[in-house]
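The values are calculated or read from the model by the stated rules, or taken from the named source; none is laboratory data. Every value quoted in this text rests on a predicted model; they were computed, and no experiment measured them. Reconstructed Cβ throughout: ideal geometry from the backbone, glycine too, with neighbour counts over all protein chains shown.
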Amino acid sequence: MIAYLARISVKSVVTLFAIVTVTFIATRLSGNPIDTFLGDGLTAEGRAELIRYFQLDGTLWQQYVAFLRGVVSGEFGLSFVDRRPVTQVVGERLWASGQLLLASVTLTILVAIPLGILAAIYRKSWIGSAVMTVAFAGYAVPSFILAILMVLVFSYWLNWLPVVGNGSFLHFIMPTIAMSGVLVAALTRFTRNAMLDVLGQDFIRTARAKGLSEARVVLRHGLGNAGVTVISVIGLQVAGLAAAGSVVVESIFSWPGIGQLLVNAALIRDYPVLQFGVITVAVAVVAINALTDVAYALADPRIRLARS
Amino acid sequence: MMQMGALEQPILSVRDLRVTFGDTVAVKGLSFDIHRGETLALVGESGSGKSATALSILRLVERDGGQIAGGSIRLGGDRPADITTLPPAALRALRGDRVAMVFQEPMTSLNPVMTVGAQMGETLALHRGLRGRPAREAARTALERVKIPEPQRRLDQYPHELSGGLRQRVMIAMALICEPDVLIADEPTTALDVTTQAEILRLIAELQQDMGMAVLFITHDLGIVAEIADRVMVLKDGVKLEEGFTANLFATPKADYTRQLMAASPRLGEGAPAPLDKAETVLEVRGLTTRYGGGMLSRTPATTAVQDVSIRLGRGETLGLVGESGCGKSTLARSIMRLVEPHSGSIKLLGTRIDGLSRAALKPHRAHVQMVFQDPYASLNPHMAIRDAVTEPAFLHRMVGQSDRRALALDLLQRVGLPADAIDRYPHQFSGGQRQRICIARALSVQPRIIVADEAVSALDVSNARRITDLLAEIQQRDGVSMLFISHDIAVVERVSHRIAVMLKGEIVETGPTDRILNDPQHPYTRKLLAAVPRLDPAATPDAARPRVPVPT
């Protein structure tokens, strides 16, 4: 098990290094931030001075080395906009995003797994078809459309729910649902397929031959086995999709999280914030993936014992 | 074996049972009785309706898309019940308690994420209300009863930690844990090696004597019937052809079909092809060793699958390679074809060393050796029409152009005894035996000098297996092709092989002409293999002469 954990750690570090590098290159490809901040009316000397001040005067390679040095020593620089440390700028957004992510993933699991099981058991009746039709439709609707529709109905027409910010429980409802829509659709379909696969196996017949009730056959023997794959999908795909979705959803609902911060930072080319924001999200996703690997191993004795 | 009281009430009584799958009628009005302490063998080929009958008794057939369309299944004893009309709750109370079942595939019939103890505990909690320590005690006792070594430790193990034989013992222990009135065993030894099969058969017979249950034993192997059954029922296309006491039925089979089945069953001493003395050597393997794992990044040490093996194959000769699963016989075949890279040793094919050749240089040589695999269902691409499937190797080796493929396919199908109209059909339209013919036709398409048949008849029922081995022998006679015939069943190997090599744990322990190996085996393992083959003649296997083999640890 220790060797297994070590391998996961090494894998995670390599992934993070790749992400850090790609982030650096991608931000530099999008143009000069100074022109964006200040626009016209700047003298040549003033411009050169600003470029020096923001340490944008070296070659790309020099900037990259300085950037890596910063990453290793934990120095991620100051925001171009308000000259505060980016760790602070991003840090104060972390909790808001974390809350939304947690709420969405929880909602997704609570809705999608029971639906997927139902769809598998009743695959030949109208219940199964209905679930899958809804799931298919959910998969096709982008989160921003769902978000805008909800705002239109529940805020503009009915005036039930607040649109902007994260002040109360009511503020959570629409962003959470908007984030969860696609996730529920994906996880329902996956759970259904995993359950169908397992319910067709020989050991399910053995369980029935013992005289076990249908509920126990499906939940203990069926979900007990399908759960192993469902866990890995929750970790590997749902977490990734949620991170991506948060960028869109947070912008729509002005949710003070990292997604919204990243969009703004990209628009004004605030490199340090953008870089550190992306790194933070990447660390979160990589950490969730690593935890998934561990959970997967714990859930499946074939993996756990082979690697211990 | 038992004293059947003809006057005693049957414990299970099936009357006019009809089972349908959609529009197909699988069982057409079947009636039979089983009494306490009796073993009734249900014999038939795949598709005869024997498994549908077994699953109907537990009403599990409904889960597989079947339906009991008529008839009755009555369970006798103290609490009689008509299974066909039982409500679900009463049916569940009966399953696993009064009627239990052991399935064919021990590798997949246990839940992989639950410990053995937990799976056995479920049955005990359900039918006996036992939980915690008493349940664990009862489970341990049940494992002891099936003679599993270290029962205490097994309770905390998962199925994948056990061998196939041990898993089947666990299945049996689980089925017998509530001391059922009726045990249904659906081909419980088909997936096992002959030596393991002998142990399991013996175990079931002993447990039956101890516990006095009735056993419905489903099989396609008449050798097993002779060994275990008191009475036999022969089934074909869902209809009972014949029923009788085992000894009588073997002595004077009434139905033609029973006689055919008996003729098709492999048995030892049927006569093997005479050895070819001066055949020119087509394949010579020396000191071949193949290892798995153990690389620089590997977490486990290397396992040696094949250890210092030397074999020779003459033109027109068949070498039978026998051994249990996991002994390395498939790895040996794959190493010869360099589908697996051997670690050391030399391979000389038609006078050319092919070990060490690059992939490109190897390609023309590959055409000389073709393989036929065990599972004819998995080894044909379902989306490829037969004309393309059988000519694909020749096409890939550029031995035939696109325009001539059809003509070649027709010729190949004719050579394996398939009708010409098979050419435009797809694999799912054929039976297992026919598919294996298609696989052989595909192997023949490149005019190979050697055919490697890796358990090529193991998945087929006896009649089909017999037809396929006959076909292979015929092809050999006509084309002079050499064969490496790999099987765990020494009786099947005998009828096609000029010579036999016996393999144990990666090494060849004995090689010789077939007659000599059968009549004068030198190695103890060869003797053990021979002893484990079920004899067709029930009179010839009194209890004392049955193989007594130790339980593997």
I'd like to verify a number: residues in the stretch A:121-162 that are more than 27 Å from the chain's Cα centre (by Cα) and surrounded by 15 or more Cβ atoms within 10 Å (Cβ to Cβ), how many? 3
Can you tell me which residues in the stretch B:103-136 are surrounded by 23 or more Cβ atoms within 10 Å (Cβ to Cβ) and in contact (Cβ under 8 Å) with a residue 60 or more places away in the chain? B:103, B:106, B:109, B:110
The one condition residue B:496 fails out of (1) crowded, with 24+ Cβ neighbours inside 10 Å; (2) in contact with a Leu (Cβ under 8 Å, 6 or more places away or on another chain); (3) over 22 Å from residue B:409 (Cβ atoms); (4) not acidic (Asp, Glu) is (1)
When both residues are 6+ apart or on different chains and their Cβ atoms are under 9 Å apart, which pairs have a first residue that lies in the stretch A:127-155 and is over 14 Å from residue A:181 (Cα atoms), and a second that is at pLDDT below 90 and surrounded by fewer than 13 Cβ atoms within 10 Å (Cβ to Cβ)? A:153/A:160; A:154/A:160
With respect to residue B:162, determine if the residue is touching a Pro at 6+ places or on another chain (Cβ under 9 Å), aliphatic (A, V, I, L, M) and in the same structural domain as residue B:93 (by TED's automatic domain parsing). yes
Of the numbered conditions (1) outside any helix (DSSP H, G or I); (2) within 30 Å of residue B:430 (Cβ to Cβ); (3) at pLDDT 85 or above, residue B:536 fails exactly one; give the number of that condition. (3)
Helices (runs of 4 or more DSSP H) contained in the stretch B:351-418 and holding at least 2 residues loosely packed, with under 14 Cβ neighbours inside 10 Å: B:359-366, B:405-415
If residue B:147 meets every condition in (1) more than 9 Å from every other protein chain (Cβ to nearest Cβ); (2) part of a helix (DSSP H, G or I); (3) of a type outside the set (A, V, I, L, M, F, W, C); (4) touching an Asp or Glu at 6+ places or on another chain (Cβ under 9 Å) apart from one, which number is that one? (2)
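Would you mind listing the strands (runs of 3 or more DSSP E) fully within the stretch B:184-280 where at least 3 residues are closer than 21 Å to residue B:36 by Cβ and out of contact with any Gly (no Cβ under 7 Å at 6 or more places or on another chain)? Talk me through it step by step, then tell me what you get.
Numbers: elements: B:214-219, B:231-236, B:239-245.
In the stretch B:184-280, B:214-219, B:239-245 are the strands (runs of 3 or more DSSP E) which contain 3 or more residues that are closer than 21 Å to residue B:36 by Cβ and out of contact with any Gly (no Cβ under 7 Å at 6 or more places or on another chain).
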If residue B:433 satisfies every condition in (1) in a loop (DSSP other than H, G, I, E, B); (2) in contact with a Leu (Cβ under 6 Å, 6 or more places away or on another chain) but one, which is the exception? (1)
Among the listed residues A:83, A:69, identify the single one that is out of contact with any Pro (no Cβ under 8 Å at 6 or more places or on another chain), of a type in the set (Lys, Arg), surrounded by fewer than 17 Cβ atoms within 10 Å (Cβ to Cβ) and in a helix (DSSP H, G or I). A:69
Any residue at all in the stretch A:201-208 that is modelled with pLDDT under 90 and more than 8 Å from every other protein chain (Cβ to nearest Cβ)? no
Please pick out the residue among B:100, B:90, B:54 that is of a type in the set (Gly, Ala, Ser), surrounded by fewer than 16 Cβ atoms within 10 Å (Cβ to Cβ) and within 14 Å of chain A (Cβ to nearest Cβ). B:90
From the option list A:288, A:258, single residue qualifying as out of contact with any Phe, Trp or Tyr (no Cβ under 9 Å at 6 or more places or on another chain), away from chain B (no Cβ under 14 Å), buried (at least 22 other Cβ atoms within 10 Å of the Cβ) and among the β-branched types (Val, Ile, Thr) is A:258
Scanning the stretch A:157-176 for residues that are under 17 Å from residue A:144 (Cα atoms) and in a helix (DSSP H, G or I) gives A:171, A:172, A:173, A:174, A:175, A:176
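Taking strands (runs of 3 or more DSSP E) that do not extend beyond the stretch B:19-83, which have at least 2 residues that are out of contact with any Pro (no Cβ under 7 Å at 6 or more places or on another chain) and over 16 Å from residue B:187 (Cα atoms)?
Where strands (runs of 3 or more DSSP E) fall fully within the stretch B:19-83 and carry at least 2 residues being out of contact with any Pro (no Cβ under 7 Å at 6 or more places or on another chain) and over 16 Å from residue B:187 (Cα atoms), they are B:24-34, B:66-75.
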In the stretch B:156-171, which residue that is hydrophobic (A, V, I, L, M, F, W, C) and more than 10 Å from every other protein chain (Cβ to nearest Cβ) is surrounded by the most Cβ atoms within 10 Å (Cβ to Cβ)? B:170
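Can you confirm whether residue B:284 is among the acidic types (Asp, Glu) and either within 14 Å of chain A (Cβ to nearest Cβ) or in a strand (DSSP E or B) (or both)? Before the answer, list the steps.
On the way: among the acidic types (Asp, Glu): yes; either within 14 Å of chain A (Cβ to nearest Cβ) or in a strand (DSSP E or B) (or both): yes.
Answer is yes for this residue.
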For the stretch B:328-338, state whether one or more residues are away from every other protein chain (no Cβ under 14 Å), within 18 Å of residue B:485 (Cβ to Cβ) and assigned to a loop (DSSP other than H, G, I, E, B). yes
So in the stretch A:219-234, with the set limited to residues that are in contact (Cβ under 8 Å) with a residue 40 or more places away in the chain and within 11 Å of chain B (Cβ to nearest Cβ), which one is surrounded by the most Cβ atoms within 10 Å (Cβ to Cβ)? A:222
